[in-house]
Amino acid sequence: MGKIKVPHIIGFIVAGVIIGPHGLNLLSKNAAVELFSTIGLLYIMFLAGIELELEEFKKKKYKSFTFGFLTFSIPILIGFPVCYWLFGYPLIASLLTASMFATHTLVAYPIVSKYKVSKNEAVALAVGGTILTDTAVLIILAVIIGANKGGLTAMFWLQLLVSLTVFTIIVFLLIPRIAKWFFSKPESGNTSHYVFILTCLFVSAFLAQLAGLEPIIGAFIAGLALNPLVPRQSALMNNIQFVGNAIFIPFFLISVGMVVDLHAFFKGTGAIYVAVSLTLVALAGKWLAAFFTQKIFNYSRIQRKLIFGLSSSHAAATLAIILIGYKDKIIDGNILNGTIVLILVTCMVASVVTERASKKIVAPPVNESIEYL
């Protein structure tokens, strides 16, 4: 995939399509694949939390809240009518699919690091928007799953509020204190530190499940809680990223590909229609959010492109939400297959737009005034 400038995440999904039950049928979704896939799903959300630049978010928190609100609400406001009235999906399925449009993964972030433009204010807003949108969407996911299982009763809302409060106190107050004490012990080495991190991930996911939430919410919040304690340039962070990217996350991505049925695209125009519509809605929602952010804060055209490039790619959180919805029989195969196409297209668009904007920031045009039009 790297040779043709396609994000590696697509390569693993394609591999799953080829070797899975709907491809060459070389591998079935047995218990071992399911186990590693579940761990990979938790791990990818944990990485999303622990790799976020929280300091950049704190510096521009008010602007980040504005962009976070726009990049969360606009895609949902566009996506829900499309799913509900145009596709004719039920209310819960439409809400789940629409919430997927709001998520984004910073697939193109390494590009801004490569061109050394990560300190640009537009990048800080994109990072802040990721924190807010992913957190909000995961809470919506908890509500949708609850509604699908038993209805949105007063008891459900009370249980959700209490469980979220207790869970947040444990994860954000107790676990970081234990982690700080553990990391300060001179006799504990890198291996022990990594095992401790892994334990925090699984304990947090388990506590989330006990609280009636999806385990991926626990994994994401555990990443946010441990974020300040794990330096970006450290052996521990290298270990966390290496094990995830080399073992667990590829299993998850391959298992996603194994669910995809490419034959659906050749049985009629329905699957293709859904895939194209999902992709257009996803890109339109994120572009409008970037456009309004540019107008509100008087950013340049290049900064708007940078915000759009960083926030337009759908990957980790999108896959997590859609796969959970598919397993719970909330959405059908057309949405799942269409989401894979959406991920492929948005990741490619995000990479191209971000690289072009980064190059222009590094080498601005002679007449910069035109870039504010």
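Number of residues in the stretch 144-168 that are surrounded by 18 or more Cβ atoms within 10 Å (Cβ to Cβ) and either under 20 Å from the mean Cα position of the chain (by Cα) or not in a helix (DSSP H, G or I) (or both) equals 2.
Which is under 20 Å from residue 262 (Cβ atoms), surrounded by 24 or more Cβ atoms within 10 Å (Cβ to Cβ) and not polar (S, T, N, Q), of 335, 321, 307? Before the answer, list the steps.
Values: 321 fails: under 20 Å from residue 262 (Cβ atoms); 307 fails: under 20 Å from residue 262 (Cβ atoms).
Exactly one residue qualifies, and that residue is 335.
Limited to the stretch 90-120, what total is found for residues that are out of contact with any Phe, Trp or Tyr (no Cβ under 8 Å at 6 or more places or on another chain), in a helix (DSSP H, G or I) and not aromatic (Phe, Trp, Tyr)? So the count comes out to 10.
Could you tell me whether residue 42 is within 18 Å of the chain's Cα centre (by Cα) and not in a helix (DSSP H, G or I)? Full working, then the answer.
Working: within 18 Å of the chain's Cα centre (by Cα): yes; not in a helix (DSSP H, G or I): no.
Spelling it out, it is not the case that residue 42 is within 18 Å of the chain's Cα centre (by Cα) and not in a helix (DSSP H, G or I).
Total residues in the stretch 72-95 satisfying the condition of being open to solvent by 70 Å² or more (accessible area, probe 1.4 Å), under 18 Å from residue 283 (Cα atoms) and more than 22 Å from the chain's Cα centre (by Cα): the figure is 1. Among the residues making up the stretch 338-350, a single one is over 16 Å from the mean Cα position of the chain (by Cα) and surrounded by 23 or more Cβ atoms within 10 Å (Cβ to Cβ): 338.
When you go through 184, 118 one by one, which is the residue that is out of contact with any Gly (no Cβ under 6 Å at 6 or more places or on another chain), polar (S, T, N, Q) and either closer than 27 Å to residue 81 by Cβ or at pLDDT below 75 (or both)?
On the way: 184 fails: either closer than 27 Å to residue 81 by Cβ or at pLDDT below 75 (or both).
Testing whether each residue is out of contact with any Gly (no Cβ under 6 Å at 6 or more places or on another chain), polar (S, T, N, Q) and either closer than 27 Å to residue 81 by Cβ or at pLDDT below 75 (or both) leaves just 118.
What do you reckon, is residue 171 surrounded by fewer than 16 Cβ atoms within 10 Å (Cβ to Cβ), part of a helix (DSSP H, G or I) and among the β-branched types (Val, Ile, Thr)?
On the way: surrounded by fewer than 16 Cβ atoms within 10 Å (Cβ to Cβ): no; part of a helix (DSSP H, G or I): yes; among the β-branched types (Val, Ile, Thr): yes.
So residue 171 does not fit the description; no.
Scanning the stretch 200-249 for residues that are over 14 Å from residue 48 (Cβ atoms), assigned to a helix (DSSP H, G or I) and open to solvent by 60 Å² or more (accessible area, probe 1.4 Å) turns up 202, 203, 206, 209, 210, 228, 238, 242, 247.
A residue that is assigned to a helix (DSSP H, G or I), over 16 Å from residue 135 (Cα atoms), aliphatic (A, V, I, L, M) and open to solvent by 30 Å² or more (accessible area, probe 1.4 Å) occurs nowhere in the stretch 48-55.
Based on what the data block shows, is residue 108 within 30 Å of residue 278 (Cβ to Cβ) and either in contact (Cβ under 8 Å) with a residue 24 or more places away in the chain or open to solvent by 30 Å² or more (accessible area, probe 1.4 Å) (or both)?
On the way: within 30 Å of residue 278 (Cβ to Cβ): yes; either in contact (Cβ under 8 Å) with a residue 24 or more places away in the chain or open to solvent by 30 Å² or more (accessible area, probe 1.4 Å) (or both): yes.
So residue 108 passes the test.
Among the conditions (1) assigned to a loop (DSSP other than H, G, I, E, B); (2) among the aliphatic types (A, V, I, L, M); (3) farther than 30 Å from residue 239 by Cα, residue 76 misses just one, which is (1).
The values are calculated or read from the model by the stated rules, or taken from the named source; none is laboratory data. No experiment lies behind these values; they were computed from the predicted model shown. Quick reminder, even Gly has a Cβ in these numbers, built from the backbone with ideal geometry, and neighbours come from all protein chains shown. Only protein heavy atoms, including side chains, enter the accessible area calculation; ligands, DNA and RNA are left aside. Shrake-Rupley method; radii C 1.70, N 1.55, O 1.52, S 1.80 Å.
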